[in-house]
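Below you'll find the structure, written out as structure tokens, and then a few comments.
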Amino acid sequence: MRARRIRAIALRLGGALFVLWAVATLTFFAIHLVPGDPAQAILGGPGSQAPQETLDRVRAEYGLDQPLVVQYAAMLGRLLTGDLGTSYSLKAPVAELIGGQLLGTLTLALAALALAWVIAIGLALWSSAPGRVARGVAGAIELTAAALPHFWLATVLIAVFATGLGWLPPVANGGASGLVLPVVTLAVPLAGFLAQLMREHLLDALERPFTVSALARGESASGIRLRHALRHAALPAVQLSGWAIGYLISGAVVVETIFARPGLGRTLLRATELRDVPLVTGVVLVVALVYVLMTVLTDLVAALADPRVRTAEA
């Protein structure tokens, strides 16, 4: 039992390291496919009109005149020591830049995840209630919500609640009110997806023997859905919450740009435009690390909630 558990932990750690290596590798080579000169980014962008001698000196200083394989090896060497490098465009350590933006993006993502869960549970319970009309309406809402693009939903929310009604600010203002529209924009599509997943498992759980036994004991249909079936239906969604965090952080690129909200999304977009390889690599690695950690955490939560998961892992 202990040997299996140690082997499972070792495999999980090895998988996490492989994911981080693959992300760093793909990001490094992908950013080099973007048109532009990193040396110009270091000197202030294409509009700097730096002379060729200055560009050559910067390339030599940052190792940009070396073959791509050599630059890749140098990047991996820095990463192995925990050094994310220095941003070409902002002339500051990447770790400090990410540290200053990470909290804002995580706050946005976690708030959106919490709201998505609240909406998804409500829709799943509604769509599993007796009656074809209720199930049809709830199913249509789930499908529509899951298909909404972030940029379209953000535009509609701004037009209605900021421009039309004036209830909320159209851009981030540093307060709780400025967080509402970005959170709703990220949460609604995810809620639609989670609700569809939970509804399928909720309906399946309602046909299990334990449901029949609960009915025989005199429990109400709503009580069975809340106390018994919902827990079984929520487990698959819990296990997908690690993926959901990655989905939300990727969606933050669009949302933070539209709502002018500081965070990793806007930082990544700007760094990509400037071909800032260290900053792009650092942001993507941190996002991947958050995804890996959240996946492990959700697996642990699922194991605590369902003994069958613990048995399978052992």
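Within region 44-74, the set of residues being open to solvent by less than 60 Å² (accessible area, probe 1.4 Å) and either at pLDDT below 75 or charged (D, E, K, R) (or both) comprises G45, S48, A50, R59. Taken over region 53-89, residues that are charged (D, E, K, R) and under 26 Å from the mean Cα position of the chain (by Cα) amount to 2. Does G174 qualify as being part of a loop (DSSP other than H, G, I, E, B), at pLDDT below 85, closer than 23 Å to G263 by Cα and open to solvent by 30 Å² or more (accessible area, probe 1.4 Å)? Spelling it out, G174 is indeed part of a loop (DSSP other than H, G, I, E, B), at pLDDT below 85, closer than 23 Å to G263 by Cα and open to solvent by 30 Å² or more (accessible area, probe 1.4 Å).
Could you say which residue among G223, G251 is open to solvent by less than 50 Å² (accessible area, probe 1.4 Å), assigned to a helix (DSSP H, G or I), modelled with pLDDT of 75 or more and of a type outside the set (V, I, T)?
Criteria check complete, one pass: G251.
Just checking, does region 107-119 include any residue being open to solvent by less than 30 Å² (accessible area, probe 1.4 Å) and not in a helix (DSSP H, G or I)? No - not one qualifying residue is present in region 107-119.
Among residues of region 103-125 that are farther than 18 Å from H150 by Cα, those with a Cβ under 6 angstrom from a residue that is aliphatic (A, V, I, L, M) and assigned to a helix (DSSP H, G or I), sequence gap 6+ or separate chain, pair up as L123/A138; L123/A195; A124/A195; A124/M198; A124/L202. Across region 75-97, the number of residues qualifying as over 18 Å from R275 (Cβ atoms), open to solvent by less than 70 Å² (accessible area, probe 1.4 Å) and among the aliphatic types (A, V, I, L, M) comes to 3. A single entry from T144, T155, T163 fulfils the requirement of being part of a helix (DSSP H, G or I), under 20 Å from L197 (Cβ atoms) and of a type outside the set (F, W, Y): T144.
Total residues in region 1-38 satisfying the condition of being closer than 17 Å to Y72 by Cα and modelled with pLDDT under 75: the figure is 3. On the given criteria, is A214 closer than 17 Å to W117 by Cβ, assigned to a helix (DSSP H, G or I), among the small types (G, A, S) and modelled with pLDDT under 80? Judged against the criteria, A214 is not a match.
The values are calculated or read from the model by the stated rules, or taken from the named source; none is laboratory data. Here the structure is a predicted model, which means the values were calculated and not measured. Reconstructed Cβ throughout: ideal geometry from the backbone, glycine too, with neighbour counts over all protein chains shown. Calculation scope for accessible area: heavy atoms of the full protein, side chains included, ligands and nucleic acids excluded. Shrake-Rupley method; radii C 1.70, N 1.55, O 1.52, S 1.80 Å.
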